[in-house]
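The values are calculated or read from the model by the stated rules, or taken from the named source; none is laboratory data. None of the values given here were measured: they were computed from a predicted structure. Positions of Cβ are backbone-derived with ideal geometry, glycine not excepted, and every protein chain shown enters the neighbour counts.
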């Protein structure tokens with residue numbers, strides 16, 4: 001085989017080039033994903049409706065009503081009046097320019113909200129809040145400070161929504177630094193901007209653990225699988241090189257073409273690069289081991305293994321790359337950002353594995369498998385069995401092919417297991433990035449929990465409802481009615497709006513918080529009784545949007561246009577965009593995988609049921625993930641996890657289809673189908689088993705990042721890969737091939753018994 005000869009004879013030059021390229025990339029500081037990637041919020045388009053609504057509201061009212069950062073003071077035993085006074089005066093000092101009509105960037109406005117109920121007054125606008133200044137608008141001297149039990153002060157910090165998140169975070173940190181009195185009980189800064197910053201920091205802090213853990217896991221699994229010292233070294237050289245190349249390649253492409261690549265993707269790239277390159281190395285090593293056991297010398301065994309598996313590895317790698325690249329057809333910016341990074345990682349792993357593993361195998365010879373049996377006795381010239389099948393799997397294949405009813409029974413049983421595992425998908429709920437995705441005890445989460453205890457879970461990130469229409473600001477009675485309707489909605493903790501009036505003098509009318517200065521706009525601030533980026537809040541806002549036409553009609557505001565801003569609105573937009581992309585991405589992934597399987601197997605029947613098996617694995621993995629994390633108290637899966645898991649598992653499933661079924665197709669060239677299964681299935685499932693365990697371990701270690709999205713993705717990928725490896729490849733696929741019979745290869749006659 002000419003390609004195999006080229007790989008083996010030119011491989012040394014390739015190794016030298018790769019080594020030189022690695023040194024050059026390090027010396028010249030070639031960009032990596034960590035240096036060019038941003039947070040997940042950075043890949044959300046500025047043209048999304050929620051962002052555009054927030055900008056339009058700022059232009060209309062002159063001051064923002066939404067903020068993504070807040071400073072939280074909390075003491076369950078109660079804050080003393082001096083702490084409340086200091087919070088009010090501190091905000092008044094910052095807000096003085098706004099009184100004169102010239103708010104000063106970047107901090108435009110500070111608004112402290114105080115819980116507690118003053119004696120003799122009715123309850124406040126939010127659960128436990130006072131109806132004094134903190135909920136009405138800017139604090140002014142002489143306004144009421146609650147005299148009842150006050151446990152919490154949340155100071156909203158309003159910055160220009162177009163300001164970078166780093167600027168908003170620094171503004172909050174500077175403001176919090178001014179709260180230094182012992183009785184102030186500062187918990188810290190919280191909100192969605194600090195949340196995303198913490199997520200990025202946690203990823204960076206635990207990335208080394210993921211890398212080291214993955215390397216150790218890959219090394220141990222390969223060492224045990226081949227009972228060898230050098231086999232894991234060869235594998236890790238290829239895997240490590242693949243990751244370095246993929247990381248620099250992804251960062252360089254993202255920088256050169258302006259692709260938004262989230263830096264939080266890096267742990268997934270680690271797992272994918274190590275796992276995929278290990279898969280291909282294991283396949284080459286398995287082929288070499290089989291030939292050494294047959295008595296070939298090291299060089300001949302290496303050449304034969306490359307000839308046997310080079311085409312399979314290349315087709316498999318292209319299949320995985322094409323499958324994950326299909327995410328790029330999505331209209332959701334986040335999914336388009338994931339696709340190129342994953343595809344480049346797979347391609348880098350494929351190229352490095354093909355160019356690095358065979359030369360290293362040639363260099364080591366049969367010692368690459370020492371002290372295993374193949375490494376000790378290969379090349380002796382003593383005839384050895386052509387195949388050393390795994391006895392358990394051979395027994396299963398003999399059972400399937402020996403009795404007519406066994407294959408259908410085994411296939412139906414395996415399909416039933418997968419279907420039952422997928423049942424929890426019927427109740428799948430999707431979250432965006434809730435506060436409880438942070439580990440318990442994290443400062444940002446602790447501050448949010450304090451604010452939630454004093455007010456409501458959604459207090460740090462309310463939803464802005466913008467009404468526009470002729471003279472809508474003058475229809476005070478109708479607006480008051482709508483505000484009462486909103487406050488009575490299930491899942492709504494409280495509403496701020498025109499009922500509370502406008503800012504007191506001397507603030508100019510154009511800085512009214514709730515009524516537009518030209519009379520054609522009004523707005524409300526809706527605080528939800530749930531984590532604003534959790535599944536419950538998203539569902540509450542979806543229900544509110546659905547019922548809004550009826551609410552407007554009841555309030556006498558028919559014909560008024562509505563728009564929504566805030567993190568929950570942004571999250572709902574992402575979830576609905578994801579739903580719209582689901583069919584598009586699924587069709588493209590399925591079409592790509594099906595086409596490549598058809599071309600490789602030259603069949604129209606087998607690719608259909610093989611693809612169906614991969615789809616069932618995806619459903620089972622996500623169903624079990626939803627069930628497990630739901631039982632742990634999480635509201636729902638992070639919305640992008642099902643997409644990433646679906647694309648990866650479907651693509652890797654086709655990868656294993658090409659490994660395993662390709663072996664059967666090759667064996668069937670000279671044997672009846674039953675004999676081909678008996679020969680090919682044990683050797684392919686042994687290799688796939690080792691590869692699957694390393695891939696599962698690589699993805700499982702992503703859970704070392706203590707964030708819900710990574711833990712969900714790690715669990716789903718681990719479960720999915722193990723189901724695919726030990727249920728689908730070892731039992732379901734052989735049973736289906738034998739059950740369907742030679743028709744599996746139609747229109748070719750490859751599975752017909754040779755004459």
Positions within region 575-616 being over 28 Å from residue 739 (Cβ atoms) and either out of contact with any strand residue (DSSP E or B) (no Cβ under 9 Å at 6 or more places or on another chain) or modelled with pLDDT of 90 or more (or both), in sequence order: 576, 577, 580, 581, 582, 583, 584, 585, 588
Of all residues in region 39-73 being within 23 Å of the chain's Cα centre (by Cα) and assigned to a loop (DSSP other than H, G, I, E, B), the one that is modelled with the lowest pLDDT: 39
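Let's see how each residue does on (1) in a helix (DSSP H, G or I); (2) more than 16 Å from the chain's Cα centre (by Cα); (3) buried (at least 21 other Cβ atoms within 10 Å of the Cβ):
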site: 266; (1), (2), (3): yes, no, yes
site: 272; (1), (2), (3): yes, no, yes
site: 296; (1), (2), (3): no, yes, yes
site: 324; (1), (2), (3): yes, no, yes
site: 338; (1), (2), (3): yes, no, yes
site: 350; (1), (2), (3): yes, yes, yes
Flag for residue 251 being surrounded by 24 or more Cβ atoms within 10 Å (Cβ to Cβ), modelled with pLDDT under 85 and either farther than 12 Å from residue 369 by Cα or in contact with a helix residue (DSSP H, G or I) (Cβ under 7 Å, 6 or more places away or on another chain) (or both): yes
Among (1) more than 21 Å from residue 229 (Cα to Cα); (2) buried (at least 24 other Cβ atoms within 10 Å of the Cβ); (3) at pLDDT 80 or above - the single one residue 361 does not satisfy: (1)
Region 741-752, residues that are outside any loop (DSSP other than H, G, I, E, B) and surrounded by fewer than 18 Cβ atoms within 10 Å (Cβ to Cβ): 741, 742, 743, 747
Condition check for residue 563: surrounded by fewer than 20 Cβ atoms within 10 Å (Cβ to Cβ) and on the phi < 0 side of the Ramachandran plot: yes
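A quick yes/no check of all residues on (1) over 20 Å from residue 193 (Cβ atoms); (2) in a loop (DSSP other than H, G, I, E, B); (3) in contact with a strand residue (DSSP E or B) (Cβ under 8 Å, 6 or more places away or on another chain):
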{"residue": "411", "(1), (2), (3)": "yes, no, no"}
{"residue": "414", "(1), (2), (3)": "yes, no, no"}
{"residue": "439", "(1), (2), (3)": "no, yes, no"}
{"residue": "451", "(1), (2), (3)": "no, no, yes"}
Options 716, 730, 703: the member that is in contact with a helix residue (DSSP H, G or I) (Cβ under 6 Å, 6 or more places away or on another chain), surrounded by fewer than 23 Cβ atoms within 10 Å (Cβ to Cβ) and in a helix (DSSP H, G or I): 703
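Within region 74-189, considering only helices (runs of 4 or more DSSP H) that don't extend past its boundaries, which have at least 2 residues that are modelled with pLDDT of 50 or more, crowded, with 18+ Cβ neighbours inside 10 Å and in contact with a strand residue (DSSP E or B) (Cβ under 7 Å, 6 or more places away or on another chain)? It would help to see each step written out before you state the result.
Numbers: elements: 81-99, 133-136, 165-177.
In region 74-189, the matching helices (runs of 4 or more DSSP H) lie at 81-99, 165-177.
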Unique match (being part of a loop (DSSP other than H, G, I, E, B) and modelled with pLDDT of 90 or more) among 385, 470, 389: 470
Any hit, region 628-639, residues being crowded, with 24+ Cβ neighbours inside 10 Å and assigned to a helix (DSSP H, G or I): no
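In region 326-336, what residues are within 21 Å of residue 598 (Cβ to Cβ) and buried (at least 20 other Cβ atoms within 10 Å of the Cβ)?
Filtering region 326-336 down to residues within 21 Å of residue 598 (Cβ to Cβ) leaves 326, 329.
If the condition is that a residue be within 21 Å of residue 598 (Cβ to Cβ) and buried (at least 20 other Cβ atoms within 10 Å of the Cβ), then 326 is the only one that fits.
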Count of region 229-247 residues which are surrounded by 21 or more Cβ atoms within 10 Å (Cβ to Cβ) and either at pLDDT below 80 or closer than 20 Å to residue 337 by Cα (or both): 4
Conditions (1) free of Cβ contacts under 8 Å to residues at least 12 places away in the same chain; (2) more than 34 Å from the chain's Cα centre (by Cα): number failed by residue 400: (1)
The one condition in (1) under 24 Å from residue 463 (Cβ atoms); (2) assigned to a helix (DSSP H, G or I); (3) modelled with pLDDT under 90 that residue 558 fails to fulfil: (2)
Residue that is surrounded by fewer than 23 Cβ atoms within 10 Å (Cβ to Cβ), assigned to a helix (DSSP H, G or I) and in contact with a helix residue (DSSP H, G or I) (Cβ under 9 Å, 6 or more places away or on another chain), where the choices are 662, 623: 662
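If the requirement is being surrounded by fewer than 24 Cβ atoms within 10 Å (Cβ to Cβ), in contact (Cβ under 8 Å) with a residue 40 or more places away in the chain and either in contact with a strand residue (DSSP E or B) (Cβ under 7 Å, 6 or more places away or on another chain) or over 12 Å from residue 282 (Cα atoms) (or both), which of these qualifies: 202, 195, 220?
Details: 195 fails: surrounded by fewer than 24 Cβ atoms within 10 Å (Cβ to Cβ); 220 fails: in contact (Cβ under 8 Å) with a residue 40 or more places away in the chain.
On inspection, the qualifying residue turns out to be 202.
Is it the case that residue 306 is in contact with a helix residue (DSSP H, G or I) (Cβ under 7 Å, 6 or more places away or on another chain) and modelled with pLDDT of 85 or more? Spell out how you get there, then give the answer.
Numbers: in contact with a helix residue (DSSP H, G or I) (Cβ under 7 Å, 6 or more places away or on another chain): yes; modelled with pLDDT of 85 or more: yes.
Criteria met by residue 306.
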Any hit, region 665-674, residues being modelled with pLDDT of 85 or more and not in a helix (DSSP H, G or I): yes
Residues that are over 39 Å from the mean Cα position of the chain (by Cα) and under 18 Å from residue 403 (Cβ atoms), drawn from region 725-754: 741
